[in-house]
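The values are calculated or read from the model by the stated rules, or taken from the named source; none is laboratory data. No experiment lies behind these values; they were computed from the predicted model shown. All Cβ positions, glycine included, derive from the backbone under ideal geometry; neighbour counts span all protein chains shown.
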Amino acid sequence: MAERLRGAWFGALLVAALAVALTFLVLPVLAIFLDTGPGQLLDSLGDPSSRDALKLSLLTTTIAMAVVVAVGTPTAYLLATRRFRGRELVVTLLELPLVLPPAVAGIGLLAALGPQGILGGLLDDLGIRLVLETAGVVVALVFVAAPFLLRAAQSAFEAVDPRWLEASRTLGAGEARTFARVAVPAALPGLLAGLALAWGRALGEFGATLMFAGSFRGITQTVPLAIYDRFATDFDGALALSAVLVAVSAALLLSVKLLASDALR
Amino acid sequence: MSGLSIAVRTRLGALDLDVALEVPAGRCVALAGPSGAGKTTVLRAVAGLLRPDAGRISCGEESWFDGERGLSVAPERRCCGYLFQDYALFGHLSAWRNVAYGLREVPRGERRARAVELLERFGVGALADRRPATLSGGERQRVALARALAPRPRALLLDEPLAALDARSRGRAARELSRLLVEVEVPALLVTHDFGEAALLGDEVAVLDGGRVVQRGDAAALSARPASGFVADFTGAAVLTGEVRPPVDGETGVTVIALDGGGEVRSTDAGEGPVAVSVHPWEVAVEPAGSATGGSASNRLAAEVVSLAPVGNRVRVGLALPQPLTAEVTEESVRRLALAPGVPVVAVWKAAATRVTPR
């Protein structure tokens, strides 16, 4: 009896914790939609500066994700399947941007790639300008979002049965073919989950973009920057734009999850 | 068709693996030994999945590995049909796509037909569109065999092919596999921890212990003439320890061994000093305690029944001499002698069925 009571007490605690977490995490998101009428939402989309910001956000995050996937997937595969000296250090270095404050990330990017940065001269010689340009936004997004994909992809590849990779080799497939035909399809749900996380992070990116690329309408002003821009003068407009961003992010997360469950079947 | 020639040395944790084996084309060598003996390591080295420290591996005229020349051919260029212990079927692909994975020489449009044909050969053609997760252990094994044979491998490597199966499907799978191994024209190397399986599937059995092949030959020869107590034990015989007693006048052609813990055993084998004495359970008869001596069996030892375990239509009787000994008798005998734990009996077997190996 005492045993059962103790169990019931703990179960109740778990449920209470869930209730608190759910309320606290969902309420602000809900409030955005409750405070925004459908009319306001449409008005906000009708506003050219909002549309510019939304278009820019979609464009820059899409390019950034293409770069992150193209470089991050093979990197994660290498880290998951090879053991070498200093591997732990490499993994930690690659995860560092995760814990970096966005402002620090912005300063770091300026110090590395800005006009006076370490590689600034080289980029200038090549005719590449990043600061205050759309390309700079993409660079900032890649920097902050890549670790999310790297982490998820590495664990996804680590979860693939190494026997599958070996079986593929004995069946006549080289390393590249084994990667493309066995490792990636087998790890796909995890890779897509990583992509969703990285994309979500990129869509919400604010600090690093602001410091590295600035906030110029149509060039570097993504949705979060536009929201901040309006916040002081037009709270309702900022709220409506926020609702749009939440909707886009949620739609993205949902479609990637659907894709992942499809890949599992 | 060309045979496999293997001579590899490699360190594996605390184990120093040093194995030399020849596997002629069309023959199956069963590499048998306890777990941790390095069996799978040999297979992996042959397939190219592991690079040994030194040695040579070749298939016919083609050198696959040469430690001295620093040559190591990639696994995909060796083309070994490898049956993994848990089959390692690709979980994201259907059965036929698993088989078709190795069919790169076949034009794309014909791959499905060819894969299904192979699956049908193993009686699982109807499962072509199923994913591995939905197949039973026996079905998976057949799909994996079809996949391993699909690219027409130059050698067949089987890692514990029956271990992942339940007792019921194992017998049938073993018979099918032994038939397949007769048909296969390439050299086959099979790894197992079960001597019975090795005897059934291998044309020849090599017993691996502590990283070395301690004896090789056909299964019957190994069973009848074990080179060591370990091999005797491995072949299923009961192994007793003792010391050879100096011959007394009149004793010729027979070795008398004083068992540790009491009792004497006679053998037609020669031996001296501390030895291991082995006898197969089916050679040992059980008689009621105090029964008259006589007959040709010269080993008659008082024992106590410790356990009874049915094995097929026979019963395995665990005895204490006090050293443990196993006898195999019919169910009818168990009833007639009223055998039960604690019952005193006499264990009887011939000196000619007693193997003596140095210890």
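All but one of (1) at pLDDT below 95; (2) farther than 23 Å from B:ARG77 by Cα; (3) within 14 Å of another protein chain (Cβ to nearest Cβ) hold for B:ARG154, so report the exception by its number.
So B:ARG154 meets the others, but not (2).
Give me the residue from the stretch B:50-67 that is touching a strand residue (DSSP E or B) at 6+ places or on another chain (Cβ under 8 Å) and in a loop (DSSP other than H, G, I, E, B) and, out of that set, farthest from the other protein chains (Cβ to nearest Cβ).
Looking at residues that are touching a strand residue (DSSP E or B) at 6+ places or on another chain (Cβ under 8 Å) and in a loop (DSSP other than H, G, I, E, B), I get B:GLY67.
Within the bounds of the stretch B:323-333, is there any residue that is without any contact (Cβ under 8 Å) to a residue 12 or more places away in the chain and over 14 Å from B:TRP282 (Cα atoms)? Talk me through it step by step, then tell me what you get.
Taking the stretch B:323-333 and keeping what is without any contact (Cβ under 8 Å) to a residue 12 or more places away in the chain, we get B:332.
From the residues that got through so far, the ones that are over 14 Å from B:TRP282 (Cα atoms) too are B:332.
The answer is yes; a qualifying residue exists.
Cβ-Cβ under 9 Å, sequence separation 6+ or interchain: first residue in the stretch A:176-187 and under 13 Å from B:LEU89 (Cα atoms), partner among the acidic types (Asp, Glu). Which pairs?
A:ALA186/A:ASP161
How many of the residues in the stretch B:175-206 are without any contact (Cβ under 8 Å) to a residue 60 or more places away in the chain and surrounded by 17 or more Cβ atoms within 10 Å (Cβ to Cβ)? Spell out the reasoning first.
Initially, the stretch B:175-206 is screened for residues without any contact (Cβ under 8 Å) to a residue 60 or more places away in the chain, giving B:175-180, B:182-183, B:196, B:200.
Next, from what is left, pick out any that are surrounded by 17 or more Cβ atoms within 10 Å (Cβ to Cβ): B:177, B:180, B:200.
So the count comes out to 3.
For the stretch B:299-310, does any single residue satisfy the condition of being under 23 Å from the mean Cα position of the chain (by Cα), at pLDDT 85 or above and either within 18 Å of B:VAL256 (Cα to Cα) or acidic (Asp, Glu) (or both)? Don't jump to the end; show me each part of the working.
Let us first name the residues in the stretch B:299-310 that are under 23 Å from the mean Cα position of the chain (by Cα), namely B:309-310.
Adding the requirement that they be at pLDDT 85 or above leaves none.
No: zero hits.
Is it the case that the stretch B:66-74 has a residue that's touching a Leu at 6+ places or on another chain (Cβ under 7 Å), among the hydrophobic types (A, V, I, L, M, F, W, C) and crowded, with 16+ Cβ neighbours inside 10 Å?
No, the conditions are met nowhere in the stretch B:66-74.
Considering only residues that are among the charged types (D, E, K, R) and in a loop (DSSP other than H, G, I, E, B), look in the stretch B:129-151 and name the one that is nearest to the other protein chains (Cβ to nearest Cβ).
Looking only at the stretch B:129-151, we keep the residues that are among the charged types (D, E, K, R), and these are B:129-131, B:139-140, B:142, B:147.
From what's left, in a loop (DSSP other than H, G, I, E, B): B:129-131.
Numbers: B:ASP129: 13, B:ARG130: 13, B:ARG131: 9 Å.
Checking each candidate, the answer is B:ARG131.
Checking B:ARG170 against (1) more than 14 Å from chain A (Cβ to nearest Cβ); (2) in contact (Cβ under 8 Å) with a residue 12 or more places away in the chain; (3) in a helix (DSSP H, G or I), which single condition isn't satisfied?
Just one mismatch for B:ARG170, condition (2).
Of the residues A:PHE148, A:PHE212, A:PHE206, only one is more than 14 Å from chain B (Cβ to nearest Cβ) and touching a Lys or Arg at 6+ places or on another chain (Cβ under 6 Å); which?
Just one listed residue meets the conditions, A:PHE148.
Looking at A:GLN116 and the list (1) under 19 Å from A:LEU191 (Cβ atoms); (2) without any contact (Cβ under 8 Å) to a residue 40 or more places away in the chain; (3) among the polar types (S, T, N, Q), which single condition is not satisfied?
With respect to (1) under 19 Å from A:LEU191 (Cβ atoms); (2) without any contact (Cβ under 8 Å) to a residue 40 or more places away in the chain; (3) among the polar types (S, T, N, Q), A:GLN116 is out only on (1).
State which residue pairs qualify: first residue at positive phi and inside the stretch B:107-134, second residue in a helix (DSSP H, G or I) and buried (at least 17 other Cβ atoms within 10 Å of the Cβ) in any location, beta carbons under 8 Å apart, and separation of 6 or more residues or different chains.
As it stands, the answer is B:GLY123/B:ARG142, since those pairs meet every condition given.
Return a yes/no flag: does the stretch B:249-267 have any residue that is within 27 Å of B:ASP203 (Cα to Cα) and not in a strand (DSSP E or B).
No, the stretch B:249-267 contains no residue that is within 27 Å of B:ASP203 (Cα to Cα) and not in a strand (DSSP E or B).
Kindly provide the set of residues from the stretch B:101-121 that are within 10 Å of chain A (Cβ to nearest Cβ) and either crowded, with 17+ Cβ neighbours inside 10 Å or over 22 Å from A:ALA186 (Cβ atoms) (or both), ordered by number.
Across the stretch B:101-121, the qualifying residues are B:TYR101, B:GLY102, B:LEU103, B:GLU105.
List the residue pairs whose Cβ atoms are under 9 Å apart, where the first residue sits in the stretch B:340-359 and is on the phi > 0 side of the Ramachandran plot, the second is surrounded by fewer than 18 Cβ atoms within 10 Å (Cβ to Cβ), and the two are 6 or more positions apart or on different chains.
The qualifying pairs are B:GLY342/B:GLU304; B:GLY342/B:VAL306.
I'm checking my understanding of the structure. Among residues of the stretch B:75-89 that are surrounded by fewer than 22 Cβ atoms within 10 Å (Cβ to Cβ) and part of a loop (DSSP other than H, G, I, E, B), which one is nearest to the chain's Cα centre (by Cα)?
Taking the stretch B:75-89 first, the residues surrounded by fewer than 22 Cβ atoms within 10 Å (Cβ to Cβ) are B:76-77, B:79, B:85-86.
With part of a loop (DSSP other than H, G, I, E, B) added as a condition, the list becomes B:79, B:85-86.
Values: B:CYS79: 25, B:GLN85: 14, B:ASP86: 18 Å.
It comes out as B:GLN85.
Within the stretch B:15-46, work out how many residues are at pLDDT 90 or above and not in a strand (DSSP E or B).
12
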